[in-house]
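Asker: Quick one: the structure is below, questions incoming.
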Amino acid sequence: MNRRHGGHSSIGEADDHGDDEADGHGHHGPERGWLAGFRYFKLVRKFWRSEVNNAVIAIVDPRPGEQLIDIGAGMGAGAIVAVKDIGRGSVTAVDPLPGMRLLLRARCLLPTRWGRIKVVRGTAESMPVPSGVADAAYATNALHHFDDKAAALVEVARVTKPGARVVFVEEQFTDPRHPSYERFGGDDHESHDHRFHSIDLGAMDEMATTAGFNVDQAEDTLVAGLPVKLIRLRRN
Ligand SMILES: C[S@@+](CC[C@H](N)C(=O)[O-])C[C@H]1O[C@@H](n2cnc3c(N)ncnc32)[C@H](O)[C@@H]1O
């Protein structure tokens, strides 16, 4: 489905009814309830807007009319920026946590965002999105949550069009150059109560290639002056 020229369009709308069911394709992630979101609220300022999200959207380079998917959109720090560039296109914001979706829906009540950001329940491994619809997809600081990265990459390949751009950015809080290094103390998240899976760029490269992507970039670099792992893919 490509409704670039058909008014405000949304690639998630067929599956999103209110606080929707994540009945996407293939994989069903574990339950993620309201309580699971509480730990994020202390980080609300960063999740509201952030330089790294602005920079990620600049890398994604959204164009007028495009259909985008923000995977693990959280409170929408990326989606809110991306929607400004796409004219009559739309952003589908996928997140498993109801608290995140609720806040993002509230942010979408502004006339400039209304109907242009579609907030849906789902995970990277299972998105309630039709096949072959997205011009670009991105995930900022969400990749480390994906339980099954190989399945997630297959799912991202399913929902994107040939030639689509895919960007994953993960801030590296364990890098002493990161300004929040002291705060997180080089913590590798092992002791946190949320799931954390470290990012192996070589493995990502291999899984992305298998899933049907060309790997344009997979490296440790700086984005918005912060140490990150940056992965840029192009769907074959
Ligand atoms: C650290 S937050 C980042 C949110 C947002 N992208 C940002 O940069 O502000 C990580 C987000 O990933 C979501 N998440 C957790 N597991 C996920 C999964 N398997 N697939 C997609 N998103 C997931 C969480 O609910 C959370 O909103």
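Asker: Say each of Val44 and Glu182 gets a label point 7 Å from the Cα, pointing the same way as Cα to Cβ; how far apart are those two points in nm?
Answerer: Calculated label separation equals 2.5 nm.
Asker: Roll a 1.4 Å probe over the protein chains and send me the accessible area per residue for segment 127-180 in Å².
Answerer: 27 Å²
Asker: Now a separate question. Using a basic spin-label model with each label point 7 Å from the Cα along Cα→Cβ, how many nm lie between Asn236 and Asp147?
Answerer: 2.9 nm
Asker: Would you pull out the residues with amide H under 5 Å of Ile69's amide H, same chain only if 5 or more places away, H placed 1.01 Å from N?
Answerer: Amide H to amide H, under 5 Å and 5 or more residues apart or across chains, Ile69 pairs with Thr92, Ala136, Ala137, Tyr138.
Asker: Ordered by packing density, taken as the mean number of other Cβ atoms within 10 Å over each peptide's residues, highest first, how do 122-132, 156-166, 66-76 rank?
Answerer: 66-76, 122-132, 156-166
The values are calculated or read from the model by the stated rules, or taken from the named source; none is laboratory data. What you see is a predicted model; the values in this text were computed from it and never measured. Backbone-built Cβ (ideal geometry, glycine too); neighbour counts: all protein chains shown. The accessibility values were calculated without ligands, DNA or RNA, using every heavy atom of the protein model including side chains. Shrake-Rupley method; radii C 1.70, N 1.55, O 1.52, S 1.80 Å.
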